[in-house]
Amino acid sequence: MTQRYFIETFGCQMNVNDSEKVAGLLRREGYEEATSVDQADVVFVNTCAVREKASEKLYHSLGRFRRIKKQRPELRVSVGGCVAQLQGKEILDRAPGVDVVIGTHNLSSLPELLERSRDSSEPLLELDRKADAFAVEAVDVVHSNRVRAFVTVMEGCNHVCSFCVVPRTRGPEVNRTPGEILREVRHVVEQGFAEVMLLGQTVNAYASDGIDFAELLHRVHEVSGLRRLRFTTSHPEHVNKDLARAFRELPKLGGYLHLPVQSGAPRVLADMRRGYTPAEYLEKVALLRAHRPDLALSTDVIVGYPGETEEEFEDTLRLVGQVGFESIFSFMYSPRPGTTAFRQVDDVPEEEKRHRLHTLQRMQQRFQEERNRGRVGEQETILVDTIDGPGRVSGRTMHFRLVHVDGEAELLGREVAVRIDSAGPNAFRGSRVEDSALETSA
Ligand code: SAM
Ligand code: F3S
């Protein structure tokens, strides 16, 4: 009988892409996707360790799977991702019923380990960080969006941000060669994907075979049939003139960039070891906007970092207001074992962290509401990438703004001209201004 898999993914796009690879590997072995855990023979939990809450979600899931396993002992439970890499055997001690734990570089071993675990009385553990993290073939990746394909260009991170666990879980930077990346991009475009999103923890630090990130963008941009090109996540330190110029020169790139700032206070940024001051961050923004005045920027902000004073928090509010971000992802500082900040006293009380988070989010929300209202009546072209429900689809503008419109599934992957009818803080509602979808090809 056909075996079925169920994957639960926590965390960032890199994790989503890893789960897409796992799905591909399992399909190659003849597995099919299950619609729920109850229908599955195998589950894989892809974990995130960035904040404590994210990390703890694993154990909630494992408790649930354990109860199912009591009824169906043949269910195989496997765990991967950053918590797996970090905690390894501890997971097995804390959560009986887990059959396989694999590290961030060992995805390609999963099918074999699952197979072996059927005859093994002991759980199996593979955490070899020297294994090839890119061993999964492009043809095997099962993309979760039907229009936008993720392509990983690098793994790991060479930065040492004091709060961040990623360098410990994913190891130092490893870059794929431009040849491998271009092969994968051509492959997904041939499969019909209109958009490619290049992924890496610090994607704009990319360097391989004498090629830097801006040059990689130029080469990927040339792939015929590709209509939109995006990338994430960028680090301000590696934003340079060539990257800024790419935003002007490469039409498929659109006008959107995610550029985490973390804080607007000089002391906090220095303590975080981010490698830039608030003034330098603003200079990078100015450089980018000199080449692309309409660039929409989003960012990440941490509030309540150890020692963060009220004034330092206000510095952050000021910087956020100054840049005028399209959107922000904001987090309360969460101490992570093994990071350098973990040695400092987590001295901003939880309640104060929550208060600062709400203050920041309220300010940004008001800004987004007002700015977005000003966009009502504008005409845009969206690339439809999601079916919201019967007769309803959505897509992104060149600036990565989300617009919902009435339309059928056949619009998926097509560029459609829309007029913005109404605006919320995070999305727009639009209507099509032409009967036929505008189909542009590169
Ligand atoms: N380069 C990475 C990326 O691709 O986004 C950044 C790592 S992390 C997955 C994403 C965001 O989580 C960071 O930019 C930071 O704002 C936040 N973060 C990381 N560690 C954190 C911590 N210990 N507490 C709170 N937020 C954290
Ligand atoms: Fe983490 Fe800083 Fe790298 S936030 S992923 S150590 S750039």
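The values are calculated or read from the model by the stated rules, or taken from the named source; none is laboratory data. Quick caveat: nothing in here was measured; it's all calculated off a predicted structure. Quick reminder, even Gly has a Cβ in these numbers, built from the backbone with ideal geometry, and neighbours come from all protein chains shown. Areas reflect the complete protein model, heavy atoms only, side chains present, ligands, DNA and RNA absent. Shrake-Rupley method; radii C 1.70, N 1.55, O 1.52, S 1.80 Å.
Evaluating 6.51 cos²θ - 1.76 cosθ + 1.60 at θ = phi - 60° for every residue in the stretch 144-161, the Karplus couplings come out as 7, 9, 7, 10, 9, 10, 7, 10, 6, 9, 8, 10, x, 8, 9, 7, 9, 4 Hz, glycine and proline recorded as x. Look at the alpha carbon pairs under 8 Å that are at least 6 residues apart: their mean separation over the length of the chain gives a relative contact order of 10 percent. Given a 1.4 Å probe and the protein chains as shown, residue 376 ends up with an accessible area of around 70 Å². For residue 101, the residues 5 or more places off, or on other chains, whose built amide H falls under 5 Å of its own are 79, 124, 125, 126.
Between residue 392 and 407, the built amide H atoms are under 5 Å apart, and every one of these is 5 or more places off in sequence or on another chain. Classified by the C-alpha gyration tensor, the stretch 4-126 has a rounded form. Its axis ratio a/c, with a ≥ b ≥ c, is below 1.5. Scanning residues 5 or more positions from residue 206 or on other chains, those with amide H under 5 Å from its amide H are 213, with H placed 1.01 Å from N in the peptide plane. Its convex hull of Cα atoms gives the chain a direction-averaged projected area, equal to a quarter of the hull surface, of 21.6 nm². Each DSSP beta bridge with both residues in the chain is either parallel or antiparallel, and the antiparallel ones are about 40%.
Each part gets one Cα centre, and for the stretch 394-413 versus the stretch 188-222 those centres are 23 Å apart.
Cysteines in the chain that lack a partner Cβ within the 4.7 Å cut-off: 12, 48, 82, 157.
Legend: residues 181, 328, sorted from most to least accessible area (1.4 Å probe; ligands, DNA and RNA excluded), read 328, 181.
Per-residue accessible area (protein heavy atoms, 1.4 Å probe) orders 70, 284, 130 as 130, 70, 284, starting from the largest. Converting phi to 3J(HN,Hα) with the Karplus coefficients 6.51, -1.76 and 1.60 and the offset θ = phi - 60°, the stretch 398-410 yields 4, 8, 6, 7, 8, 10, 9, 9, 6, x, 9, 4, 5 Hz in sequence order, with x at every glycine or proline. Overall, the accessible surface of the stretch 4-126 at a probe of 1.4 angstrom is composed of carbon and sulfur to the extent of 45 percent. Accessible surface comparison of 400, 65, probe 1.4 Å, protein chains only, largest first: the order is 400, 65. Annotation: per residue accessible area for the chain equals 44 Å², rounded to a whole number [probe 1.4 Å, protein chains only]. A quarter of the convex hull surface defined by the alpha-carbon atoms of the stretch 318-442 gives 11.4 nm² as the mean projection. At what distance in angstrom do the alpha carbon centres of the stretch 341-372 and the stretch 270-299 lie from each other? Cα centroid to Cα centroid, the span is 20 Å. With an 8 Å cut-off on Cα pairs and a minimum separation of 6 or more residues, tell me the relative contact order of the stretch 379-432 in percent. Relative contact order for the stretch 379-432 comes out at 36 percent.
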